[in-house]
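The values are calculated or read from the model by the stated rules, or taken from the named source; none is laboratory data. Everything quoted here is computed from the prediction, not taken from an experiment. Methodologically, a virtual Cβ is constructed for each residue, glycine included, from the backbone with ideal geometry; neighbour enumeration extends over all protein chains shown. These accessible areas exclude ligands, DNA and RNA; they are computed on the full protein's heavy atoms, side chains included. Shrake-Rupley method; radii C 1.70, N 1.55, O 1.52, S 1.80 Å.
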Amino acid sequence: SEFLQKKLAGQEPGIVNELHYRAGSWFRERGDIREAMEHFLTGEWYDEAVRLMGELLPAMVAQDWETLKYWMETVPSRHLRTDPELFLAYTFFCVAAGMDRNLADGLIRQGDGLCGIAGQPEGKIRECAASLAFIKALYAMKYRFDTAEAAEQMRICASLAPEDVLLERIDVYPGEMSILRTFQFMEPNFAKLEAFFRSIMRFWNQDRPNVFFGMCFVGYGELLIEQDRLEEAESYIRQGLKIAEDGKSAKLFA
């Protein structure tokens, strides 16, 4: 296979990308999304790849965001910017992964510009603004260690999109058995962390079992254990685990 591909590239280089387009379209029609994506990316059919990512975004955010991030990194950013929701998801992935702060700043600034593009429906503008506020909340915690700003951005997010924000469903593994330790890395002060958890939990809508809020409930429960407030701790941890169960979050439930 490799020999034949090299021979084709040498003899008829102009047809290679066209063949990748045809193969990608064939696989997409048959529901083999991963193969389709690989052909679109290899053949540099970036608009087709971005369109396919947009269709897959709701499902992959909750189930396989790492693969989605890998695909996004293969596409020039100007193509991602044609889909504000996709671009904001990419920005969230990068901030969550702790990319260089200057690069993160640039992505957030671009996201600000995308949220106000003329011609978008009012509902879509609010969704984008809510997603950006959620990203800024994570940024405030991860880069600036500012729990007050993070809580304020979560308030803005909840006010703009009380029903749902797609990014809140992302099942990000915190890298620690203890969720509290993950938050302590960003804010070691227990009093500030308690204020942060309590303010965030006020914004939780019980009709949506978002993983982020589940992490806050469990993290707060662990903090209460540290203070020997065991009955309160059990109550909050049980609520967090219920969110994990309802949201089918194996990582949080573990």
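Each row is one residue, and each column tells you yes or no for (1) within 13 Å of I179 (Cβ to Cβ); (2) among the β-branched types (V, I, T); (3) modelled with pLDDT of 85 or more.
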{"residue": "P209", "(1), (2), (3)": "no, no, no"}
{"residue": "F213", "(1), (2), (3)": "yes, no, no"}
{"residue": "L223", "(1), (2), (3)": "yes, no, yes"}
{"residue": "E226", "(1), (2), (3)": "yes, no, yes"}
{"residue": "E231", "(1), (2), (3)": "no, no, yes"}
{"residue": "I237", "(1), (2), (3)": "yes, yes, yes"}
{"residue": "S249", "(1), (2), (3)": "yes, no, no"}
Hey, among the residues in the stretch 195-207 that are open to solvent by less than 70 Å² (accessible area, probe 1.4 Å) and not in a helix (DSSP H, G or I), which one's modelled with the highest pLDDT? F203
Is it the case, given these coordinates, that E18 is surrounded by fewer than 16 Cβ atoms within 10 Å (Cβ to Cβ) and outside any loop (DSSP other than H, G, I, E, B)? yes
Would you be able to say whether some residue in the stretch 123-141 is in contact with a Leu (Cβ under 8 Å, 6 or more places away or on another chain), polar (S, T, N, Q) and open to solvent by less than 70 Å² (accessible area, probe 1.4 Å)? yes
Enumerate the pairs (first residue in the stretch 41-57 and surrounded by fewer than 17 Cβ atoms within 10 Å (Cβ to Cβ); second residue anywhere and among the charged types (D, E, K, R)) with beta-carbon separation below 6 Å, excluding pairs fewer than 6 apart on the same chain, so at least 6 apart or on different chains. G54/D83
Could you list all residues from the stretch 43-67 that are in contact with a Gly (Cβ under 9 Å, 6 or more places away or on another chain), part of a helix (DSSP H, G or I) and within 18 Å of L80 (Cβ to Cβ)? E48, A49, L52
For the stretch 87-106, check the following and say yes or no: at least one residue is among the basic types (K, R) and not in a helix (DSSP H, G or I). no
